[in-house]
Amino acid sequence: MAKRTRVTSHDVAARAGVSQPTVSLVLSGNPRARVAKATRARVLRAAEELGYRPNLLARALVQQRSFAIGVVVPTLSNPFFVDVVNGLERVAVAEGYAVLLCNGRGEPVAPQVETLRGRMVDGLIIDAAGAAGLPEALLADMTVVLVEEVSERWPTVTSDAEAAGRLAAEHLLELGHRAVAMIGPATDVHALRRRERGFLATLRQAGVSVRSRWLRRAPATVRGGQEAMRALLGLDARPTAVFCATDLVALGALKACVSARVRVPEEVSLVGCDDIEMARLTTPELTTVAVPARELGARAARLLIGMLEGGPDTRGRRRPLPVSLVRRGTTAPPVASAGGARMEGSR
């Protein structure tokens, strides 16, 4: 069998009847390249007919760029962050960029950033991984976009985390709950703290205060939610509803209720936040606040690549992505037997 010869940009130029530099301009994808529309179409048609594949290594050497994006997430154990990565990777690949992923595993992210710098990535996306605590010199000469963090140093992409907490509180109040608890974040993650703030502020506006023993802090894991919920169930006066800062925490809380033979939602209502796929796989299905994880990732990738390609730094000019309540089977009005708890919670 004859060895197939690799198609080059010179072959495309010959087929299209143009010069090789013109082919390079067209295939670079630069929208500001001065090439006539008809010529551009002819080059693209010739490249498709010949099955041309660009030499990315040569392109990188010529432009002194890696055409790779570094991504740091706090953990891949939470499907929410997997969805963020899926969203940004789809955009990056379509724009000709590779994605190098580092999983923080709950540890300081500085070593992961150092690793990505060593790989000569063109830019970084850091998702809820404590970028504010990084030494300024570590990122001084890099193009950076943050996801679900607020910063004066770098552009950010966020969801409306405070609205997520507000929607959860409004839903429980509409159902008639007044003895309401929350399992909040054990770490200083911006989005989770904003969810907590929105939840508690909405309750206060309705004249409902969360007693200190009904406000629990736990790691954003199934186990963390399970242990916190077990503690709430052990109280003499139980809450009739619990808002969990993430869906993983809510799934742990649901597991604790099942183990304690506490019926959900008949005896206690549960609300999560994120709307990961597993929220629809439980029995009953989890009521939650949907956060657009894939769009967070896609928007971050578009912003970063736009900056790498010479676009503007849109710091501070992007609105948070909207969130929405998803009513499912883990919430219902409080039963009459919970009257004592309701009275305590509304004092």
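Exactly one residue out of Arg261, Arg211, Arg223 is of a type in the set (Lys, Arg) and at pLDDT below 95, and it is Arg211. Residues of segment 94-114 that are in contact with a strand residue (DSSP E or B) (Cβ under 6 Å, 6 or more places away or on another chain) and more than 17 Å from Leu134 (Cβ to Cβ): Tyr97, Ala98, Val99, Leu100, Leu101. Scanning segment 176-187 for residues that are touching a residue at least 40 places away in the same chain (Cβ under 8 Å) and surrounded by fewer than 16 Cβ atoms within 10 Å (Cβ to Cβ) yields a count of 1. The set of residues in segment 159-194 being of a type in the set (Val, Ile, Thr) and modelled with pLDDT under 95 consists of Thr187, Val189. Consider segment 245-259 and keep the residues that are of a type outside the set (A, V, I, L, M) and either surrounded by fewer than 24 Cβ atoms within 10 Å (Cβ to Cβ) or not assigned by TED's automatic domain parsing to the domain that holds Glu174 (or both). The one that is farthest from Ser159 (Cα to Cα) is Ser259.
Per-residue answers, yes or no, for (1) part of a loop (DSSP other than H, G, I, E, B); (2) surrounded by fewer than 17 Cβ atoms within 10 Å (Cβ to Cβ); (3) under 23 Å from the mean Cα position of the chain (by Cα):
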| site | (1), (2), (3) |
| --- | --- |
| Ser209 | yes, yes, no |
| Gly224 | no, no, yes |
| Phe243 | no, no, yes |
| Arg261 | yes, yes, no |
| Glu267 | yes, no, no |
| Leu270 | no, no, yes |
| Ala301 | no, no, yes |
| Ile305 | no, no, yes |
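Filtered by the rule that a residue be modelled with pLDDT of 95 or more and either touching an Asp or Glu at 6+ places or on another chain (Cβ under 9 Å) or within 12 Å of Arg178 (Cα to Cα) (or both), segment 226-242 gives Pro239, Thr240, Ala241, Val242. Return the residues of segment 38-75 that are under 28 Å from Leu303 (Cβ atoms) and at pLDDT 80 or above; say none if nothing qualifies. Result: Arg40, Leu44, Phe67, Ala68, Ile69, Gly70, Val71, Val72, Val73, Pro74, Thr75.
The values are calculated or read from the model by the stated rules, or taken from the named source; none is laboratory data. Computed from a predicted model, the values in this text were never measured in an experiment. Quick reminder, even Gly has a Cβ in these numbers, built from the backbone with ideal geometry, and neighbours come from all protein chains shown.
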